1. From the set of residues in the stretch 17-27 that are modelled with pLDDT under 90 and touching a strand residue (DSSP E or B) at 6+ places or on another chain (Cβ under 9 Å), which is surrounded by the fewest Cβ atoms within 10 Å (Cβ to Cβ)?
2. Mind listing whichever residues of the stretch 31-53 are over 15 Å from residue 3 (Cα atoms) and surrounded by 11 or more Cβ atoms within 10 Å (Cβ to Cβ)?
3. Would you point out the residue of the stretch 54-74, among those that are in a loop (DSSP other than H, G, I, E, B) and in contact (Cβ under 8 Å) with a residue 60 or more places away in the chain, that is surrounded by the most Cβ atoms within 10 Å (Cβ to Cβ)?
4. Can you pull out every residue in the stretch 18-53 that is at negative phi and part of a loop (DSSP other than H, G, I, E, B)?
5. Show the residue pairs meeting these rules: Cβ distance below 9 Å; 6+ apart or different chains; first residue within the stretch 7-22 and free of Cβ contacts under 8 Å to residues at least 12 places away in the same chain; second residue exposed (fewer than 11 other Cβ atoms within 10 Å of the Cβ).
6. Just wondering, is there one or more residues in the stretch 7-16 that are modelled with pLDDT of 90 or more and part of a strand (DSSP E or B)?
7. Looking at (1) in contact with a helix residue (DSSP H, G or I) (Cβ under 7 Å, 6 or more places away or on another chain); (2) modelled with pLDDT under 95, which is the one condition that is false for residue 64?
């Protein structure tokens, strides 16, 4: 399994938990959330890919660490 990391910097104010986790919208078994962390799988160009987003900032200074997992180099 290979992975790549990047940091996203949304425009403030940004509330990670309230934006990323919206349980009433199409819940699926490929999505796991806990406060501050979200995991999701998806199929990109026939490649099974995993995403992990971690809240590393605050509402006024938002920062999200994104890790992409894949069998081939993401």
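1. Once the filter is applied, the top-ranked residue is 23.
2. Result: 31, 32, 33, 36, 37, 38.
3. 74
4. Residues satisfying the conditions are 21, 22, 23, 24, 25, 27, 28, 29, 30, 35.
5. Final answer for the pair search is none.
6. yes
7. It is condition (2) that residue 64 fails.
The values are calculated or read from the model by the stated rules, or taken from the named source; none is laboratory data. Quick caveat: nothing in here was measured; it's all calculated off a predicted structure. Using ideal geometry, Cβ is built from the backbone for each residue, glycine included, and neighbour counts are taken over all protein chains shown.
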